[in-house]
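Since the structure comes first, as structure tokens, the remarks are kept for the end.
We did not get these values from a lab; they are worked out from the coordinates using the rules stated. As the structure is a computational prediction, the values presented were derived from the model and not from experiment. Here Cβ is always computed from backbone atoms with ideal geometry, including for glycine, and neighbour counts include all displayed protein chains.
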Amino acid sequence: MSPIAITGILAIDHVGIAVPDLRAAIDFYQSHFAGRVLHQEENSEQGVIEAMVALGTTPGTVIQLLAPLTPDSPIARFIERSGPGMQQLALRVTDVASAAEQARALGLRTLYEEPKRGTNGALINFLHPKDCGGVLFELIEVK
């Protein structure tokens, strides 16, 4: 029996923004929006260097700045095709493998068969934007 919807969605975790230069983007969000860098790391498997930046005073209001590590990384290709800007909307879920399985049962393609490592050790998968109204959804299980 197919699920009616993806269950276990807890919240919007963050909005991912593709940027060509991480340092310049961090400076922009710090100076214009009083952004605070919460975490920064290089993820060679995903081909990005990234920073999680808190905005405002409400806990959990976070953007993820994603800069390419190499000219052929997925983020580099995104910037080449679409320019800098919103790249994905991340949904925090209780179980990323289960959410991805439910999505596939609903006819939504996932980018990976099995979850991969994301920011700060989280487990991630993505729902294909062609199946989701043009939006790349990231499913994220925070460890």
### Summary
Highest GNM mean-square fluctuation among 70, 58, 94, for the chain with Cα springs under 10 Å, belongs to 58
### Task
State, as an integer percentage, the relative contact order of the chain based on alpha-carbon contacts under 8 Å between residues 6 or more apart.
26 percent
### Query
Which FRET efficiency value, to the nearest 0.05, is calculated for residue 116 and residue 57 with the Förster distance at 25 angstrom and r the Cβ-Cβ distance?
0.15
### Message
Loop-only chymotrypsin sites (Phe, Trp or Tyr not before Pro) in the stretch 23-101, please: DSSP not H, G, I, E or B, and at most 13 other Cβ atoms within 10 Å.
### Response
none
### Task
May I ask for the net charge around residue 136, where only other residues with Cβ less than 12 Å from the Cβ of residue 136 are counted and Lys, Arg are +1 while Asp, Glu are -1?
0
### Residue-averaged [θ]222 nm for the chain, counting only DSSP H segments that reach four residues, each worth -39500 (n - 2.57)
-6500 deg cm²/dmol
### Query
Let a ≥ b ≥ c be the square roots of the eigenvalues of the Cα gyration tensor of the stretch 49-143; is it rounded (a/c under 1.5), or, if not, prolate (a/b larger than b/c) or oblate?
oblate
### Computed E for residue 72/residue 11 - FRET, C-beta separation, R0 30 angstrom, nearest 0.05
0.35
### Query
Restricting the count to DSSP beta bridges whose residues both fall in the chain, what percent are antiparallel, rounded to a multiple of 5?
80 percent
### Message
Could you tell me which residue out of 136, 38, 69 lies farthest along the dipole of the chain toward its positive end? Charges go on the beta carbon: Lys and Arg +1, Asp and Glu -1, centred on the Cα centre.
### Response
136
### Summary
With +1 at each Lys and Arg Cβ and -1 at each Asp and Glu Cβ, the charge dipole magnitude of the stretch 1-82 around its Cα centre, to the nearest 20 debye, comes out at 240 debye
### Query
Of all GluC sites (Glu not before Pro) in the stretch 37-143, which ones are in loop regions per DSSP and have a Cβ with at most 14 other Cβ atoms within 10 Å?
45, 113
### Total charge dipole magnitude, the chain, about the Cα centre, Cβ charges on Lys, Arg, Asp, Glu only, Debye to nearest 20
240 debye
### Message
Can you tell me the length gained on complete extension of the stretch residue 39 to residue 143, counting 0.36 nm per residue apart and subtracting the Cα distance?
### Response
36.0 nm
### Query
Quick one: length gained pulling residue 101 to residue 81 fully straight, 0.36 nm per residue minus the C-alpha distance?
4.3 nm
